[in-house]
Amino acid sequence: MKDPRKIGGANIPSLNFGFQNRLPVILQTEVAECGLACLAMVATYHGHQIDIAAFRRRFATSMKGLSLIELARLAGQLSLASRAVRADLDELANLRTPCILHWKLRHYVVLKEVKYNGAVIHDPAQGRRFVSLNELSSSFSGVVLELSPTNEFEKKIEVERIKIADLFRHVTGLKRALIQLFVLSICLEVIALLSPIGSQVIFDEVIVSTDTDLLSLVALSLGVILLLQIVIGIARSWCSIIMSTTLGVQWTTALFDHLLRLPLSYFERRHMGDIVSRFGSLSAIQSALTSDLVGGILDSIMVVGALIMMVLYGGYLALIAFVSVGLNVLLRIAAYAPYR
């Protein structure tokens, strides 16, 4: 490398023992905060989990973004030693990764690893991607900021968590809709568990004794149960639509009202598509909380009821079900990290 220049006050150790950490992908939400996003990725990689919101609260940045010196100064406040170097393309493999690259003279990206035919970078504007040698040659400006934790560096979590209860705090009429939906769902589950009993009576009692009167009674009972199941199913679907519509209208209204109260600088630092996408995100959250979450709870109730019935009818059936479910859970846990 050519003329390495030290910016931070601490020395960077030459060796790094231990297991490999995971480099996250943190996307920028403002036009000029790519430097903050890159710094958050490197800090999280070393153990200080911090998000863009926490960075924005601690360090005020201008609309012009951060210079390399300002980025190194912020890294020092996180107890990260920094060193700015000028490197050619063939010297990138010698850098301590992850490091921050100056990109297209107006942007920052994080270099994760260098390969024989290109490099893997985490771009705050686009996410994780592979860049070829040609793109690397045309976009990399030759300036690198290496970062490494000092002895004062603390591994901690500084991430703002959003609780599910906060999403429903100002929604009116939700509690009543949830209660109605829960009661109707319980009725449907009970009916679904009672239906096989009618079939059992037909095979065990009616066929053996050829009792036509009992057959008529069982058939009438099954017809009533089927009719109740249809009516309750329609009522539950109607309650689900009402709850989903209530959430959608109130959340959209609250978001629009909140945007009207924000200062002009909020809109100047963000792309129009990012602001519009926030309304689209409400639909995904609404679907997850009304359909997926409620459906998962109801399915769990159904599973518990079915297991109780199997235990009452035969322990071996319940044992087979428990073993199958346990294997399924273990497989999902093992595959969760790669899938995520």
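Any read-out appearing in this document is the output of simple, stated calculations on the displayed coordinates, not a laboratory observation. The structure presented is a predicted model; accordingly, all values stated were derived computationally and were not measured. FYI the Cβ positions are ideal-geometry reconstructions off the backbone, even for glycines, and counts take in every protein chain you see.
Along the positive direction of the dipole of the chain (beta-carbon charges: Lys, Arg +1; Asp, Glu -1; about the Cα centre), which of Ala43, Ala321, Val144 reaches farthest?
Highest projection toward the positive end goes to Val144.
Between Leu133 and Val25, what is the FRET efficiency for a Förster distance of 30 Å, r being their Cβ-Cβ separation, to the nearest 0.05?
About 0.85, to the nearest 0.05.
Among the aspartates and glutamates, select those whose C-alpha is under 15 Å from the C-alpha of Lys175, and discard any that sit fewer than 8 residues away in the same chain.
Within the straight-line cut-off, Lys175 pairs with Asp166.
What nm value, rounded to one decimal, do you get for the distance between Gln77 and Ala54 when each label is placed 7 Å out toward the C-beta?
In this crude label model, Gln77 to Ala54 measures out at 1.4 nm.
Please name which of Ala84, His258, Leu133 has its Cα lying farthest along the dipole of the chain towards the positive end, using unit charges on Cβ (Lys, Arg +1; Asp, Glu -1) and the Cα centre as origin.
Ala84
What is the distance, in nm, between label points placed 7 Å from the Cα along the Cα-to-Cβ direction at Asp274 and at Ala254?
Each label point is offset 7 Å from its Cα along the Cβ direction, giving 2.3 nm.
Set the Förster radius R0 to 25 Å, insert the Cβ-Cβ distance between Leu307 and Leu330 as r into 1/(1 + (r/R0)^6), and round the FRET efficiency to 0.05.
Calculated value: 0.85.
How much length is gained if the chain between Leu262 and Val183 is pulled fully straight, taking 0.36 nm per residue apart and subtracting their Cα-Cα distance, in nm to one decimal?
24.3 nm
Could you point to the label whose value was computed as mean projected area of the Cα convex hull in nm² for the structure here, given (i) 25.2; (ii) 19.9; (iii) 17.5?
(i)
What is the gain in length, in nm to one decimal, between Ile241 and Ile197 on full extension, counting 0.36 nm per residue of separation less the C-alpha to C-alpha distance?
Between Ile241 and Ile197, full extension yields an extra 12.6 nm.
With the dipole of the chain worked out from charges on the C-beta (+1 for Lys and Arg, -1 for Asp and Glu) around the Cα centre, which of Ser67, Ile234, Gly198 lies farthest toward the positive end?
Ser67
Please give, to one decimal in nm, the separation of the simple spin-label points placed at Asp292 and Glu154, each 7 Å out from Cα toward the Cβ.
Distance between the two pseudo-spin positions: 3.5 nm.
By counting other Cβ atoms within 10 Å of each Cβ, how are Val144, Val131, Val171 ranked from fewest to most?
Ascending number of Cβ neighbours within 10 Å: Val171, Val131, Val144.
As a check on your grasp of the helix formula, calculate [θ] at 222 nm for the chain: sum -39500 (n - 2.57) over DSSP H runs of n ≥ 4, divide by the residue count, round to the nearest 500.
After summing the helix terms and dividing by residue count, I get -18500 deg cm²/dmol.
Take the Cβ-Cβ distance between Thr172 and Leu95 as r, set R0 to 56 Å, and report the resulting FRET efficiency rounded to the nearest 0.05.
0.50
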